[in-house]
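Q: Quick one: the structure is below, and I'll ask about it shortly.
Quick note: the coordinates plus some simple rules give every number you see, no bench work behind them. In this text the structure is predicted, and so the values were computed from the model without any measurement. Note: ideal-geometry Cβ built from the backbone for every residue, glycine included; neighbour counts use all protein chains shown.
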């Protein structure tokens, strides 16, 4: 079993409900146990003119190989109406593998740790709710250093999900 952290986001079709449905789907994955889910946060879109995003992070323990898990996550996204029309465009659901145990993964379809993690307060702060305080990424960076370098700006923690 490896501890895996999944970043979740939505800005279409009742985003909080999209995340709750995704959590239910994650809990049903084979060879996988849902360990926890962070609080929900709202943040502005990376592109102007889009609705605000609702984000969270889920922790899983799984024996699924990385690309098999990625395929399962994309099937959940598709099942919830995800359309890939433009990069960083609006979406019903986005599920990203943020961390996969202590692995460094550099595949054409999957980069872990997630390649923009250090710039994403909407991932780092929910991740910090679930991860051990002394978490070190496979590339040597510490979560506490990433949090210090990425202030809690533009985020709003929503009331209990």
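Q: So if I take the alpha carbon set of region 2-157, get Rg, then get Rh from the Kirkwood formula, what is the Rg over Rh ratio?
A: Details: Rg = 14.5 Å, Rh = 15.6 Å.
For region 2-157, the value is 0.93.
Q: Quick one: compute the contact order of region 23-132, relative version, from alpha carbon pairs under 8 angstrom and 6+ residues apart, as a percent.
A: Values: 138 pairs, mean separation 30.0, N = 110.
It comes to 27 percent, rounded to a whole number.
Q: For residue 102 paired with residue 71, estimate the spin-label separation in nm (one decimal), with each label point 7 Å from Cα along the Cα-to-Cβ line.
A: 2.9 nm
Q: If I build a Gaussian network model for the chain, linking alpha-carbon pairs within less than 10 angstrom, which residue out of 43, 142, 62 has the largest mean-square fluctuation?
A: 142
Q: Right, next: Counting each DSSP H run of 4 or more residues in the chain as -39500 (n - 2.57), what helix-only mean residue ellipticity at 222 nm follows after dividing by all residues, to the nearest 500 deg cm²/dmol? List each step's numbers first, then the result.
A: Details: 4 runs with 43 residues, N = 161.
Mean residue ellipticity, 222 nm, calculated: -8000 deg cm²/dmol.
Q: How much FRET efficiency would the formula 1/(1 + (r/R0)^6) give for residue 152 and residue 20, where r is the Cβ-Cβ distance and R0 is 22 Å, rounded to 0.05? Walk me through the intermediate numbers first.
A: Details: r = 24 Å, r/R0 = 1.07.
It comes out at approximately 0.40.
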